[in-house]
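Report on the following structure.
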Amino acid sequence: MGEQEKSTTSRRSFLTKAAGAALAASLPAGAQSAAVPKSTAGNKSHGKGKRPLNVLFFMSDDMRPELASYNSRFNAHSPNIDALGAHGVRFDRNYCQFPLCNPSRSSLFTGHLPRETGVLGNSAAVVKAHPEWITLPHLFRQNGYTTLRTGKLFHAGLDDPAAWTDFDGDVESMHPTTIGKKMDLPRVQIPMADGSMQPLPDNARADHSDEILVLDGDGEGAGDYLVADRAIKMLQQVAADPDKPFFVGCGFSKPHSPPQAPQRFFDMYDAEKITLPPDFAAWPTVPAGFPRAAIRPHNADLFIGRGASEAEAKQVIRAYLASISWADWNLGRVVAELERLKLRDNTVIVFVADHGYQLGEKGKWSKAGSLFEGGTRVPLVIDIPGAKGNGRACTRMVQSLDIYRTMCELAGLEVPAGVEGTSLVPLLQDPRGPKWDSTAYSIWSEDGRTIHGTAVRTEQWRYAEYGKDAANGAMLFDVHADPMELTNLADDPKHAATRAELSRLVNAYSYPV
């Protein structure tokens, strides 16, 4: 073991022991047994008289922190997620490790970096690539928990069957099983890159931005409604056996395309009052002074193969926000049932999204390929009964990779060998107090095999390199002075020293010796 690795291990061990003891002191008496780490791997019993913390784990798909509590640009109406953050700890600067569903989720649920999982696209199952690893829900099952899942936690079709007490393989569809009404977008011809006018799309060229659906009623029969219904039934099931702890995973697909929600959620937003971002473009556009690799030439989710008029863009942003509000409403239904069953005072609630999204910034309507703030920053809330940090926001730099170690410490489970990340328990105790290594990383692969870009985020800077040693260019942003990432400082001589240090971090992360 090298000196740097020894130092990291020593620091992690110290933080884990100190924070575990501090958190235990802050919890209600009935929950303290779950606060201090102990070696329980493989045990089927938590001991007589113990009350291990239950877990209710929420995920959302494609949801950037466009939530009222995050003071975001468009401020979606999200009272239930906001309430979780007000009751627990809201992490304002949490970053995913890869701006795509499967690689991000595979990293989160194994506690391994994407370059270690080798899962750099949406087709490979991490449990098949690494059968020796123990996924987070599987670890809870090994330690005597009832583990149940509804909706999308792992990527669709690439789940870990061994992780769940009951596994039927179903992942509710992203598409509704009831018919709503399709929303007609305003059709405006816009200039293409060569100056000619874009032909209006026909049905054969329709993409997800042409499939905005206004669902009937409350969305009964549609994917996320069904996910919430199943989660409610699962909570009722585990409540019938109060002596056995549970891990219930609930994965919502919205606001993933195609956007959809009941009419009353669309009514919360006025498209005419939506202000487009200052770098909005009709087509994916590489701004002057930016590397070409920073923006993919074609969108992957919305406005696929065609440009976006300002009128269309506003309607699609409205639909994205409505989708968030509907997912938030469904989450609220599940939390209400947890409270009705009197389970909340002994249950950790986690809410996180898999990755961010761009809503027309630089003409991009997707997450794929985005090493910008919009593509990699994601909401994270952890609500633990009685923790001293509850009700406060944390502005420290954290990563979704940290969730695995955090959940192990909170439940008192031994962390499997090789798991990366740092437990967030010190921040749950004091969201601003502890000294913190404020660095977060994200990578991108265009072909699912090779790392094409790596971004590092510190308190002040976002830096990304494309290709080893920035062979395909670099980006540097002062995120405080330039939060919209409009000016690339990578080649500014005044920032040469900053770039050199961040480049060193990027290369050590993606290309370790």
Check your understanding: Taking a probe of 1.4 Å, how large is the accessible area per residue of the chain, in Å²?
Key -> 38 Å²
**Study point:** Sulfur and carbon atoms: percent of accessible area, segment 99-157 [1.4 Å]
**Key:** 51 percent
Study note, to complete from the structure: Among the Cα-Cα pairs of segment 437-477, the proportion with separation greater than 17 Å, in percent, is 30 percent
Check your understanding: Between segment 89-122 and segment 416-485, what's the alpha-carbon centroid distance in Å?
Key -> 12 Å
**Study point:** Antiparallel bridge percentage (DSSP; both residues within the chain; nearest 5)
**Key:** 50 percent
Revision key, fill the gap. Length gained if residue 471 through residue 508 is fully extended, taking 0.36 nm per residue and subtracting the Cα-Cα distance, is 11.7 nm
Exercise for review: Sticking to Cα atoms, compute the Rg of segment 237-382 to one decimal and its Dmax as the biggest Cα-Cα distance, whole number, in Å.
Suggested key: 18.9, 62
Practice item. State the extension gain, in nm to one decimal, for the chain segment bounded by residue 77 and residue 491, taking 0.36 nm per residue of separation less the distance between their alpha-carbons. Key: 145.1 nm
Study note, to complete from the structure: Taking 226, 502 and ranking on accessible area (1.4 Å, protein atoms only), highest first, one gets 226, 502
Check your understanding: Which percent of the accessible area of segment 391-513 is formed by carbon and sulfur heavy atoms (probe 1.4 angstrom)?
Key -> 50 percent
Point to revise | Over 40 Å [Cα-Cα, the chain], rounded percent | key: 19 percent
Revision key, fill the gap. For segment 340-448, the Kirkwood Rh over every pair of distinct alpha carbons, in Å, works out to 15.9 Å
Practice item. Subtract the Cα-Cα distance of residue 211 and residue 244 from 0.36 nm times their separation in residues, and report this length gain in nm to one decimal. Key: 7.5 nm
Check your understanding: How long are the semi-axes of the ellipsoid equivalent to segment 405-479, from square roots of 5 times the Cα gyration tensor eigenvalues, in whole Å, largest first?
Key -> 30, 19, 7
Point to revise | Diffusion constant of segment 389-513 at 25 °C, which comes from Stokes-Einstein with the Kirkwood Cα-pair radius and 0.890 mPa s, µm²/s | key: 151 µm²/s
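The values are calculated or read from the model by the stated rules, or taken from the named source; none is laboratory data. Note that the coordinates shown come from a computational prediction; the quantities given were computed from them, not determined experimentally. These area figures cover heavy atoms from the full protein model, side chains too; ligands, DNA and RNA do not enter into them. Shrake-Rupley method; radii C 1.70, N 1.55, O 1.52, S 1.80 Å.
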